[in-house]
Amino acid sequence: GLTAKQGEELSSVPQFVQNVTDLANRAGGNAPKPKTPDLSLIDAIRRASGNEQLLSIYNSRDELTSSINAWTHQAQEIDTRWPSWETLRRLAERANGLTDADVLRTQVQAIEDQRQLLADPDPMKPLIASFTQMLRDELNRLVEAYKQQHDAGMAKLKADDNWQKLQPEQRNRLLAEQKLTNSDMPEVRVGSSAEVLQTLQTLTLSAFEDRVKSLSSRFNEVQTQAAEMMEPTAKTIQLPSRTLKSEADLEAWLEEARTDLAAALAQGPVIIR
């Protein structure tokens with residue numbers, strides 16, 4: 001029969017086999033991680049029974065020790081590098097549609113296809129830096145475009161008689177309704193990769209682009225509303241929409257517009273939309 005010590009050792013074999021298996025699985029996996037290490041040695045121990053298991057472990061002790069050391073080291077390396085891979089993937093996603101992004105994206109794909117997570121030197125660092133700079137430049141460009149459009153819109157309002165006559169709180173309300181106050185300005189932080197990603201989580205590049213493009217029509221809306229507030233009796237007239245192809249078309253349209261406007265003016269002030 002078994003000695004007490006052998007019994008104790010055997011009872012801990014399943015746990016040992018499980019621990020080594022878990023470790024091996026952490027030392028590899030899906031691309032870009034290296035392939036999961038070969039587990040045939042562990043499987044052989046698992047399949048053996050009783051004393052054969054202990055013997056099998058004893059006979060393979062050198063190979064097991066060096067494998068455990070190598071796998072422990074590799075698992076730690078994977079844990080250390082993985083966050084960089086996640087960051088790189090997110091940056092690549094956010095840069096979708098940018099010029100030059102495809103060249104970088106091909107390199108990201110190569111890291112995955114060739115399982116280069118642990119390659120030396122780290123292939124992700126320069127790519128993270130390039131993507132971050134690319135997104136930073138684009139965000140800075142959009143911030144600049146937003147400021148220019150916003151300044152132009154405010155200048156237009158300052159030159160507007162109706163706007164001049166409004167009380168400060170009336171102006172603020174009109175700007176706020178169109179999301180044009182200073183606090184509506186998108187918050188853009190681009191110091192680090194993390195900040196760039198944080199910024200793009202709240203406002204994607206395409207959403208930001210749309211915001212910039214919509215500024216002038218939002219300012220027009222404010223101008224119209226200012227006119228309506230100053231001229232509460234004013235009627236907004238939509239001029240007839242038309243495709244003009246000739247001088248004659250233009251004459252006909254002007255005639256029609258004149259008739260509409262004259263009729264409206266007879267009843268009070270008119271705002272042309």
- Task: Determine the dipole magnitude for segment 83-233: charges of +1 sit on the beta-carbon of Lys and Arg, -1 on that of Asp and Glu, nothing else is charged, the reference point is the Cα centre, and the result goes in debye to the nearest 20.
- Result: 180 debye
- Item | Positive-end residue of Ala75, Ser11, Met154, charge dipole of the chain with Cβ unit charges | Met154
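Could you sort 47-57, 254-264, 135-145 so that the peptide with the highest average Cβ count within 10 Å comes first and the rest follow in order? Could the numbers behind the result be given before it?
Details: 47-57: 14.2, 254-264: 12.5, 135-145: 16.6.
In descending order of packing, they fall as 135-145, 47-57, 254-264.
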- Item | Residue among Pro37, Pro126, Pro240 with the largest mean-square fluctuation in a Gaussian network model of the chain, springs linking Cα atoms under 10 Å | Pro240
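Assuming 1.567 mPa s and 4 °C, estimate D for segment 177-273 with Stokes-Einstein, Rh taken as the Kirkwood radius over Cα pairs, in µm²/s. Can you show the working numbers first?
Working: Rh = 17.3 Å.
In µm²/s, the coefficient is 75.
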- Out of Ala24, Ala129, Ala44, any idea which swings most in a Gaussian network model of the chain, alpha carbons joined below 10 Å? Ala44
- When the charge dipole of segment 165-273 is computed with +1 on Lys and Arg Cβ and -1 on Asp and Glu Cβ about the Cα centre, the Cα farthest towards its positive end, among Gly268, Leu166, Val212, belongs to Leu166
- Once all protein chains are kept in place, Asp102 shows an accessible area at probe 1.4 Å, nearest 10 Å², of 100 Å²
- Query: Length gain on complete extension for the stretch Asp249 to Leu203, per 0.36 nm per residue less the alpha carbon to alpha carbon distance?
  - Reply: 12.1 nm
- Query: Please state the Cα pair-distance histogram of segment 1-103 with 10 angstrom bins from zero: what percent is in each bin?
  - Reply: 13, 34, 22, 15, 9, 5, 2, 0
- Taking a quarter of the surface of the Cα convex hull of segment 215-270, what do you get in nm²? 4.7 nm²
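Using the Cα centre of segment 16-125 as the reference point, and only Cβ charges (+1 on K/R, -1 on D/E), how large is the resulting charge dipole? Debye, rounded to the nearest 20. Please report the intermediate quantities before stating the final value.
Values: 13 positive and 16 negative charges, 42 e Å.
For this selection, approximately 200 debye.
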- Item | Choice from Gln133, Gln74, Gln164 with maximal GNM fluctuation in the chain (Cα, 10 Å cutoff) | Gln164
- Can you pull the Rg over Rh of segment 122-176, Cα-only, Kirkwood? 1.38
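Quick check on segment 29-165: take the gyration tensor over C-alpha atoms, sort the square-rooted eigenvalues as a ≥ b ≥ c, and tell me if it's rounded (a/c under 1.5), prolate or oblate.
Numbers: a/c = 5.35, a/b = 4.05, b/c = 1.32.
Prolate, since a/c reaches 1.5 and a/b exceeds b/c.
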- Item | Theoretical FRET efficiency, 1/(1+(r/R0)^6), r = Cβ-Cβ of Ala70 and Asp102, R0 41 Å, to 0.05 | 0.65
- For segment 68-111, the Rg and Dmax computed from alpha carbons only, in angstrom: 14.1, 46
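How high is the relative contact order of the chain, given as a whole-number percent (alpha carbon pairs under 8 Å, six or more residues apart)?
Values: 232 pairs, mean separation 42.0, N = 273.
This gives 15 percent for the chain.
Placing unit charges on C-beta atoms (Lys and Arg positive, Asp and Glu negative, everything else neutral), compute the dipole magnitude of the chain about its Cα centre in debye, rounded to 20. Working shown, then result.
On the way: 32 positive and 40 negative charges, 63 e Å.
That gives the chain a dipole magnitude of about 300 debye.
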- Message: Using square roots of five times the C-alpha gyration tensor eigenvalues, list the equivalent-ellipsoid semi-axes of segment 130-246 in whole Å, biggest first.
- Response: 34, 19, 11
- Stretched out fully, how many nm does the piece from Ala263 to Asn51 gain, at 0.36 nm a residue minus the Cα gap? 65.6 nm
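Per DSSP H run of n ≥ 4, the term is -39500 (n - 2.57); total these for the chain, divide by its residue number, and report the mean residue ellipticity at 222 nm rounded to 500 deg cm²/dmol. Before the final figure, lay out the partial values.
Values: 11 runs with 192 residues, N = 273.
For the chain, the value works out to -23500 deg cm²/dmol.
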- What number in nm² do you get for segment 55-133 if you take the convex hull of its Cα atoms and divide its surface by four? 6.3 nm²
- Divide the volume of the convex hull of the Cα atoms of the chain by its number of residues and quote the answer in cubic angstrom per residue. 240 Å³
- Can you send over the solvent-accessible area of Arg115, 1.4 Å probe, protein chains only, in Å² to the nearest 10? 80 Å²
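The values are calculated or read from the model by the stated rules, or taken from the named source; none is laboratory data. Predicted, not measured: the structure shown is a model, and the values here were computed from it. Glycine also receives a Cβ, built like all others from the backbone with ideal geometry; neighbour counts cover every protein chain displayed. Just the protein is used for accessible areas: all its heavy atoms, side chains included, with ligands, DNA and RNA removed. Shrake-Rupley method; radii C 1.70, N 1.55, O 1.52, S 1.80 Å.
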